[in-house]
Amino acid sequence: MMLIPVISHAQEPVSTLEFQNAAKALEVVQKYTKALQAGDVATMTAQLAPGAMVYGLGGGLDSLNVSQHKDYYTNSTNQFKHTLSQELYLPVKVTNNWNEGEWVLSWGVNTIQNKATGKTTRIPYHTAGLIVNGKIARLHYWYDMLNVLRGQGYEIKPPSN
């Protein structure tokens, strides 16, 4: 009996910055962020797919559905003016991996100004949005919630023994 070695060519995950829908994916995410700055929650919501999920918003680990996202930003834009700066967007397509799909990664600073007090807080952020059929199907937010709380006047005190 002959022993024939079997060679497996497992496919490695692949990421590419150039793909057919890159411009459209970028447009959707930029429309979403421009609407945030305009306080236009309806346009933000229109960029989300009907079953979209949003993670990390409000500093929580829980997810928000489209309706909860709309409520969150309605409340936020009623209280704060959002101004984004230092924006950077990177469309990337991932294949053969757990996070397969067409994504737009973004970084920047969201300076929120309290409409009642005029006080501002700078919030460096990172987002990752999965774009499916021209809509945001999944959106992940990362930012320092402690920075937000301190900017709003909360104090962090060491625990008492």
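The values are calculated or read from the model by the stated rules, or taken from the named source; none is laboratory data. Every value quoted in this text rests on a predicted model; they were computed, and no experiment measured them. All Cβ positions, glycine included, derive from the backbone under ideal geometry; neighbour counts span all protein chains shown. Each accessible area value is taken on the protein alone, full model and side chains, heavy atoms only, with ligands, DNA and RNA left out. Shrake-Rupley method; radii C 1.70, N 1.55, O 1.52, S 1.80 Å.
Using the structure shown, decide if V41 is in contact with a helix residue (DSSP H, G or I) (Cβ under 6 Å, 6 or more places away or on another chain), over 14 Å from L139 (Cα atoms), modelled with pLDDT of 95 or more and not hydroxyl-bearing (S, T, Y).
Yes: the conditions hold for V41.
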- Note on the structure: Residue pairs within 9 Å by beta carbon, gap of at least six or interchain, first lying in the range 62-85 and in contact (Cβ under 8 Å) with a residue 40 or more places away in the chain, second assigned to a loop (DSSP other than H, G, I, E, B) and open to solvent by 90 Å² or more (accessible area, probe 1.4 Å), listed first then second, are K81/K115
- Task: Output the number of residues of the range 21-39 satisfying the condition of being farther than 11 Å from P91 by Cβ, surrounded by fewer than 17 Cβ atoms within 10 Å (Cβ to Cβ) and out of contact with any strand residue (DSSP E or B) (no Cβ under 6 Å at 6 or more places or on another chain).
- Result: 3
- Note on the structure: Among the residues of the range 86-104, the number that are of a type in the set (S, T, Y) and either surrounded by fewer than 15 Cβ atoms within 10 Å (Cβ to Cβ) or more than 14 Å from the chain's Cα centre (by Cα) (or both) is 1
- Query: Any idea which of T117, T43 is closer than 16 Å to K135 by Cβ and polar (S, T, N, Q)?
  - Reply: T43
- Residue selected from the range 48-85 under the condition small (G, A, S) and in a helix (DSSP H, G or I), by the criterion surrounded by the fewest Cβ atoms within 10 Å (Cβ to Cβ): S67
